[in-house]
Amino acid sequence: MVRRVALLTNFIPPHRLPLYQAIAQRVSEFQVFISTPMEANRSWQTNWEGLNVTIQKNFTLQRTWRHPQGFSEPLYIHIPYDTLWLLHQYQPDIIISGELGMRSLQAALYRKFHPKTRLVLWATISEYSEKGRGWLRHQLRRVLLPQADAVLVNGDSGKRYIRNFDISSEKIFFAPYTTNISPFLAIPLSKESHQVYRLLSVGQLVERKGLLPFMTTLVKWGENHPEQNLEFWIVGRGTLRETLAAQPLPENVKVKFLGNIEYQKLPEVYAEAGIFIFPTLADEWGVVTNEAMAAGLPVLGSLYSQSVEELVEDNVTGWVFRPDNQEEIYCALEKTLATTEDELAKMRVMARDRIQYLTPDFVADNILEAIGHVT
């Protein structure tokens with residue numbers, strides 16, 4: 001068993017906690033170093049149950065991320081400045097460092113002067129999420145990535161991105177986003193008639209999530225199908241809440257804003273819906289896809305989300321589209337809402353079957369495989 005592992009990361013979101021707990025069960029010692037208890041734009045409750053956690057000395061810069069897709073959003077850049085000192089105190093055998101920023105640079109420097117320590121960089125990225133990140137960040141990664149003994153990525157898109165830095169495939173290991181899907185798997189697959197075509201979205205109400213262009217398409221669909229009624233439930237908060245609420249809708253389309261829902265109560269909301277909507281313009285993964293499929297919801301999702309690219313098969317476990325193409329969005333929505341109730345029942349079964357393997361234990365084993373490769 002690996003003796004001592006240090007994880008360097010920004011903070012611990014609730015969907016990450018089960019994975020970190022699974023890693024802790026597989027190594028002798030596991031210490032998590034975080035920059036902040038929780039980022040300011042997150043509504044999650046802090047929970048580190050079962051983990052040894054140290055909050056680093058840190059200062060945070062706020063920048064605006066401007067993406068070629070046309071959206072922008074605040075970006076928090078955490079610079080923990082005591083990483084070298086804490087690693088010196090902890091003396092890890094393995095360092096797993098996320099974000100490919102200043103903490104990872106300090107981890108690589110520590111690795112240089114402690115050659116028995118191994119460095120695993122955790123690149124939670126996709127090709128679409130990294131567009132518009134800037135020249136300086138690209139150059140930092142060009143310096144950092146060759147220093148790693150192994151690199152963890154979410155999926156094939158992340159691997160393609162890392163391979164652009166001349167990193168060999170043998171050093172790249174898959175660690176997709178995961179969460180405890182058991183509460184979602186417990187949701188009955190059968191649906192009442194009023195639930196079958198109810199649409200659901202869960203996430204931040206910000207430009208990047210693509211809800212505005214999707215709403216435009218939804219309005220067009222409603223106008224073209226005045227004989228059909230449709231409900232769209234939206235969970236989350238963000239700067240676009242009022243803009244979305246002000247969108248004029250045809251009488252047959254009803255939008256309901258549920259606001260923030262505690263993470264533990266999300267399965268209750270998924271149980272009330274029939275189809276999940278994920279129209280993001282750029283996402284390194286999108287764990288809502290995992291949750292929805294475990295709940296038995298086919299996913300109408302954007303190919304600019306790595307989770308959709310990896311998990312959603314068109315007309316089998318959902319429907320896919322490019323979110324910057326209004327015609328594709330409309331055609332995908334048309335196919336979705338033209339699917340019969342019997343076909344949707346089969347898709348619910350296939351969606352759940354597709355996701356069942358992707359558990360915290362599965363991903364923890366993959367991470368341990370990467371550790372085994374470098375030790």
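Helices in the chain, meaning DSSP H runs of at least 4 residues, each add -39500 (n - 2.57). Divided by all residues, the mean residue ellipticity at 222 nm is -10000 deg cm²/dmol. Length available on full extension from Ser193 to Asp361: 0.36 nm per residue minus the Cα-Cα distance, which gives 56.9 nm.
Residues whose amide H comes within less than 5 Å of that of Thr124, counting only those at least five positions distant or on another chain, are Glu99 (H built at 1.01 Å from N in the peptide plane).
By DSSP, the beta bridges lying fully in the chain are antiparallel in about 15 percent of cases. Accessible area per residue for region 273-365 is 32 Å², calculated with a 1.4 Å probe on protein heavy atoms, without ligands, DNA or RNA. When only alpha carbons are used to place a centre, region 321-365 and region 26-44 end up 31 Å from one another. The peptide list 118-124, 195-201, 79-85, put in order of mean Cβ contacts within 10 Å with the highest first, becomes 118-124, 195-201, 79-85. When peptides 169-179, 147-157 are ranked by their average number of other Cβ atoms within 10 Å per residue, the highest-first order is 147-157, 169-179.
Entry note, the chain: relative contact order of 16 percent, from Cα contacts under 8 Å with a spacing of 6+ residues. Of Val320, Thr359, Ala282, which is farthest towards the positive pole of region 261-375's charge dipole, taken about the Cα centre with +1 and -1 on the beta-carbons of Lys, Arg and Asp, Glu respectively? Value computed over the given set: Thr359.
Carbon and sulfur: what percent of the chain's accessible surface (1.4 Å probe)?
Values: 8110 of 16200 Å².
The value for the chain is 50 percent carbon and sulfur by accessible area.
As a calculated quantity, the FRET efficiency between Phe257 and Ile55 at R0 = 35 Å, using C-beta atoms, amounts to about 0.55. Here the relative contact order of region 259-316, from alpha carbon pairs under 8 Å that lie six or more residues apart, stands at 35 percent. Checked against a 24 Å cut-off, the cross-linked pairs Lys191/Lys265; Lys159/Lys335; Lys209/Lys265; Lys57/Lys209 give Cα-Cα distances beyond that limit for Lys159/Lys335; Lys57/Lys209. Summarising the strand pairing of region 1-134, around 30 percent of its internal DSSP beta bridges are antiparallel. A simple packing score, the average count of other Cβ atoms within 10 Å per residue, orders the peptides 354-362, 303-311 as 303-311, 354-362, with the highest score first. Counted residue by residue at 0.36 nm each, then reduced by the alpha carbon distance between them, the extension gain from Thr46 to Gln91 reaches 13.5 nm. Legend: calculated FRET efficiency, Glu272 to Arg26, from the Cβ-Cβ distance at R0 = 56 Å, rounded to 0.05, equals 0.95.
The values are calculated or read from the model by the stated rules, or taken from the named source; none is laboratory data. Computed from a predicted model, the values in this text were never measured in an experiment. Ideal geometry is used to build each Cβ from the backbone, glycine not excepted, and the neighbour counts take in all protein chains shown. With ligands, DNA and RNA removed, areas are computed over all heavy atoms of the protein, side chains included. Shrake-Rupley method; radii C 1.70, N 1.55, O 1.52, S 1.80 Å.
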